[in-house]
Each structure stands twice: as structure tokens, then as C-alpha cells.
């Protein structure tokens, strides 16, 4: 958005509108500083019971946020709308992350370390992520490349294109995204999918909760593809959950 903000002091009252960043705050030892979260902030599970829920990631209660008087609000370009950010920044400092790859994710972790005086913890998390990613790249380099389609929604069917964090992690997994020539999250028909003939189809657990029944139904339409239900958090959460993502990827292969 091309803007800056200044913080007169270390923030001690934080609202997070991004589930993966909420989990990161807790892992940085900042749970006591969190005053507001979204209804999608599911890790750790107890957090929504102890903190004020201020809405979702795309719709918020401005009155609830005002009442909390936060020192800072944490947003993300992907998760939250520009309208939300513009409304909030008139009232409070708003930090907006924009994540495309592992380097961006680690830069965000270190920014939080700096903002909230948790440099040592942030450095440790980044060190673990680097170690796990390096080990996984060594593991995956001998694996054959496979063409893939990654679905995040149905009715309409929506997949993942380029310029997304998920597409980046697919490439780390030696997958070639058959819809990589499109950007963001294109809608498509099953005929489009059949025409692309991916070797592997990944059905994400979020935001649409794909289940075994969806896998079985799709298998009848696309019988030659290997169809796998995957944990979407490991493909799309770019905070401290990345410490465990590469172990999960290894199990998929």
C-alpha cells in the first residue's frame, strides 16, 4: 500500500486478523499481549475462548475493535481486504504482510521479533524453518516432477494459480502446477481439469473442507489422477507452522 507507520512504544495490546500470524504470536511468547482474534484463529484451540473475537478475516466488527483500543493490528494482503485495512488505519497502527515465498515468511517472523521485542525467539523459529527446508530440498531433489492441480473450493471449483504462497510451496515439492499460467485463484470447470490431465490432484482441508466423499466423487470423473486429501494449513500458513510443514510434505511423498 506504499505507506509507513511509526510506533511510539513497544505494542502490548495486539489484534491479529490472520490465523497463521496469531499462531506465530503465541509461539513468540506473546499470548498475554493478544487482545483480539478472528473466528478462524484456531491454533491454539483455547485462544478464541480467552480472547475477544472481532469477526472474520473478511468482515470485522469495528465497534469491538475500537473498544479494545489496540496498540497495533496485524493484517495480511491475502487474508484481509484493502477496505478493512483502510478503515482500521484511520484509528490504529496497522501492519500488513504480503507473503509469496519462504524468504518473505521469515522476514515477517523477524519483523515481529523486532516489533515485539522477541528477536531471540524469532531467530530460533527461522533457524528451524531453514534447517527443515534445506533437509527437505535435499530429500526432494531426486524425486520426479509431477503435474498437479490444487483445489481450495468447489461450487464453483477454484484452484491455485501463480503469485500465491501455495503455488510456491507446490514448486518446492517438485510439483508443476497445471494452472500456473493463471494468477491467483481461478474458477474452472471439471472439463478444464480433464483437459489439463494432472497426474496428482490435491484437495485442501481449507478454506473448503474437502472430505473423502469429495475425493471419491472426483475419482469417478478423473480416474487417471492420484487424488489426495491434504492439510491446507501446511500449504498456506506462513508463520511458525512452517517449522512442521516440511516433515508433513515428506510424508506426502
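Taken together, the values in this text are just the output of simple stated rules run on the coordinates, not laboratory data. Model, not experiment: these values are computed from the prediction. Here the Cβ is made from the backbone with ideal geometry for all residues, glycine too, and neighbour counts use every protein chain on show.
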Worksheet item: Based on the alpha-carbon gyration tensor of the range 120-168 and its eigenvalue square roots a ≥ b ≥ c, which shape applies: rounded if a/c is under 1.5, prolate if not and a/b is larger than b/c, or oblate?
Response: oblate
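For each of 53, 200, count neighbouring Cβ atoms within 10 Å of the residue's Cβ, then give the residues from fewest to most. Show your work: numbers first, answer last.
On the way: 53 16, 200 19.
Lowest to highest Cβ neighbour count: 53, 200.
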Worksheet item: Hey, what does the equivalent ellipsoid look like for the range 1-150, semi-axes from the Cα gyration tensor as sqrt of 5 times each eigenvalue, largest first, whole Å?
Response: 29, 18, 16
Worksheet item: Once the Cβ-Cβ distance between residue 229 and residue 138 is put in as r, and R0 is 25 Å, what FRET efficiency do you end up with, to the nearest 0.05?
Response: 0.40
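For the range 14-132, give me the percentage of DSSP beta bridges that are antiparallel, rounded to the nearest 5 percent.
Details: 1 of 12 bridges.
Roughly 10 percent of the DSSP beta bridges within the range 14-132 come out antiparallel.
Would you mind classifying the range 78-206 by shape? Square roots of the alpha carbon gyration tensor eigenvalues, ordered a ≥ b ≥ c; an a/c under 1.5 is rounded, otherwise it is prolate if a/b is larger than b/c and oblate if not. Please report the intermediate quantities before stating the final value.
Working: a/c = 3.45, a/b = 1.32, b/c = 2.61.
Verdict is oblate for the range 78-206.
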Worksheet item: Just for the chain, what percent of DSSP beta bridges are antiparallel, to the closest 5?
Response: 15
Item to complete: Express in whole angstrom the spacing between the alpha-carbon centres of the range 169-199 and the range 212-251.
Response: 14
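Looking at the chain, what % of the alpha carbon pairs are farther apart than 24 Å?
Values: 15949 of 31878 pairs.
It works out to 50 percent of all Cα pairs.
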Discussion item. Please report the antiparallel percentage of DSSP beta bridges with both residues in the range 155-236, rounded to the nearest 5.
Written reply: 25
Discussion item. Between residue 199 and residue 220, what is the label-point separation in nm under the 7 Å Cα-to-beta-carbon projection?
Written reply: 2.8
Response to the item:
Taking Cα atoms, the helix 102-115 axis meets the longest principal axis of the chain at an angle in degrees (rounded to 10) of 10
Worksheet entry | Highest-fluctuation residue, 43, 95, 214 considered, GNM on the chain with Cα pairs under 10 Å | 214
Practice prompt. Return one number: the angle in degrees, 0 to 90 and rounded to the nearest 10, between the long axis of the Cα atoms of helix 242-252 and the longest principal axis of the Cα atoms of the chain.
Written response: 10
Worksheet item: Which distance in nm do the two modelled labels at residue 48 and residue 98 give, with both placed 7 Å along the Cα-to-Cβ direction?
Response: 3.0
Worksheet item: Quick one: what Rg and Dmax do you get for the range 142-252 from the alpha carbons, in Å?
Response: 13.0, 38
